[in-house]
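Worksheet: the structure to be examined is printed underneath.
The values are calculated or read from the model by the stated rules, or taken from the named source; none is laboratory data. The structure presented is a predicted model; accordingly, all values stated were derived computationally and were not measured. Note that we place each Cβ from the backbone using ideal geometry, even for glycine, and neighbour counts take in every protein chain shown.
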Amino acid sequence: MCYIYIVRCSDDTLYTGWTTNVEKRIKCHNSGKGAKYTRCRLPVELVYFETFKDKSTALKREYEIKQLSRDKKLLLINENSHPNL
């Protein structure tokens, strides 16, 4: 299973990425070993994710989300929030 996710950084910016293990990836970000972008914006908070059966589909969706404006990303997050976040 592959996932795309959005985290809110401590400076209120949003970061979108992909992974095969969401929990492990968030821990990695918060330990300072994640993406370069998030390292100086800790801690991060998981605010959104989607699941996919394969990496190719997940990467395509990640690209689509990265092309969205901040307002559209916030709308996506608010309309589809997961109760277990």
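Some notes on this structure:
For every residue, the table says whether it meets (1) modelled with pLDDT under 95; (2) in contact with a His (Cβ under 6 Å, 6 or more places away or on another chain); (3) under 18 Å from Ile77 (Cβ atoms).
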| site | (1), (2), (3) |
| --- | --- |
| Asn21 | no, no, no |
| Ile26 | no, no, yes |
| Asn30 | no, no, no |
| Gly34 | yes, no, no |
| Val44 | no, yes, yes |
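- As a summary of the residue check, Asp12 satisfies the conditions (1) crowded, with 18+ Cβ neighbours inside 10 Å; (2) of a type outside the set (Ser, Thr, Tyr); (3) closer than 13 Å to Lys73 by Cα except for the one numbered (1).
- Put simply, of Ile6, Ile65 the only residue that is in contact with a strand residue (DSSP E or B) (Cβ under 9 Å, 6 or more places away or on another chain), touching a residue at least 60 places away in the same chain (Cβ under 8 Å) and part of a strand (DSSP E or B) is Ile6.
- Screening Ser81 with (1) hydroxyl-bearing (Ser, Thr, Tyr); (2) surrounded by 14 or more Cβ atoms within 10 Å (Cβ to Cβ); (3) at pLDDT below 95 gives one miss only, at (2).
- Scanning the range 16-50 for residues that are of a type in the set (D, E, K, R) and under 10 Å from Tyr5 (Cα atoms) returns Arg25, Glu50.
- Residue within the range 51-74 that is over 21 Å from Met1 (Cα atoms), out of contact with any helix residue (DSSP H, G or I) (no Cβ under 8 Å at 6 or more places or on another chain) and surrounded by 13 or more Cβ atoms within 10 Å (Cβ to Cβ) present: yes
- Selection from the range 55-64 of residues that are within 24 Å of Asp11 (Cβ to Cβ) and either in contact with a Phe, Trp or Tyr (Cβ under 9 Å, 6 or more places away or on another chain) or modelled with pLDDT under 95 (or both): Glu62
- In the range 14-47, the residues that are in contact (Cβ under 8 Å) with a residue 12 or more places away in the chain and at positive phi: none
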